[in-house]
Amino acid sequence: MSTNPISHQGETDTAAQILALERAALDRWGQGDPSGFLEISAPEVVYFDPFLKQRLDGLEELTRYYEGIRGKVRIARYELLNPKVHQIGDAAVVTFNYVSYGGNEDEYRWNCTEVYGRYSVGWRIIQTHWSFTNAGKQ
């Protein structure tokens, strides 16, 4: 017996919508444009990545951080692997593996977990956590 209040079709539609948002933002990210992520982040977004000493709180802090790296990221291509979207009401948890190639990166492997909230304007990121895949292993 499922405890998820959303129908399977609703989950499929939500997954497709959210993954389309992610891919569009990642496409822009690979060209040095972080605005794709800023545009789909909620004002109260919280953000972690392995290059930061602590969490960023809010869209204003995230914008300052991203503006500091605008134009510096170049990715020739990427793979979004094993995406999974779990929806519960007006929230959805998204997990995937990400591999970027080329540009100023040879190959980086990442894990990503994001939480989206459903707002009147659509789905928005309220929490992001990036980590390296197999961190600490040679």
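As a test of the definition: which semi-axes, in Å, follow for the chain when you take the square root of five times each eigenvalue of its alpha carbon gyration tensor? Largest first, please. Walk me through the numbers before you get to the answer.
Details: eigenvalues 127, 63, 42 Å².
Semi-axes from the Cα gyration tensor: 25, 18, 14 Å.
Could you work out [θ]222 nm for the chain from helices alone, using -39500 (n - 2.57) per DSSP H run of at least four and dividing by all its residues? Round to the nearest 500 deg cm²/dmol. Numbers along the way, then the final one.
Working: 3 runs with 38 residues, N = 138.
Taken over the chain, the calculation gives -8500 deg cm²/dmol.
In the chain, which longest range has no trypsin sites (Lys or Arg not before Pro) that are both DSSP loop (not H, G, I, E or B) and surrounded by at most 10 other Cβ atoms within 10 Å? Walk me through the numbers before you get to the answer.
Values: sites that count: 53, 72, 137.
Excluding the exposed sites themselves, the longest stretch runs over 73-136.
Stretch residue 95-residue 111 to full length: gain in nm at 0.36 nm per residue minus the Cα-Cα span? Present the calculation step by step, with values, prior to reporting the outcome.
Details: separation 16, 0.36 × 16 = 5.76 nm, distance 0.75 nm.
Full-extension gain reported as 5.0 nm.
Would you tally the net charge around residue 96, using a Cβ to Cβ cut-off of less than 11 Å, leaving residue 96 out, and scoring K and R as +1, D and E as -1?
Working: positive: 23, 84; negative: 22, 79, 114.
Taking every Cβ under 11 Å from that of residue 96, the sum is -1.
Stretch residue 74-residue 55 to full length: gain in nm at 0.36 nm per residue minus the Cα-Cα span? Each step should come with its number before you reach the end.
Values: separation 19, 0.36 × 19 = 6.84 nm, distance 2.42 nm.
Net length gain for the segment: 4.4 nm.
Treating each Cα of the stretch 45-84 as an identical point scatterer and ignoring solvent, apply the Debye formula and state log10 I(q)/I(0) at q = 0.23 Å⁻¹.
-0.92
We did not get these values from a lab; they are worked out from the coordinates using the rules stated. No experiment lies behind these values; they were computed from the predicted model shown. When we count neighbours, we look across all protein chains shown, and the Cβ atoms used for this are built from the backbone with ideal geometry, even at glycine.
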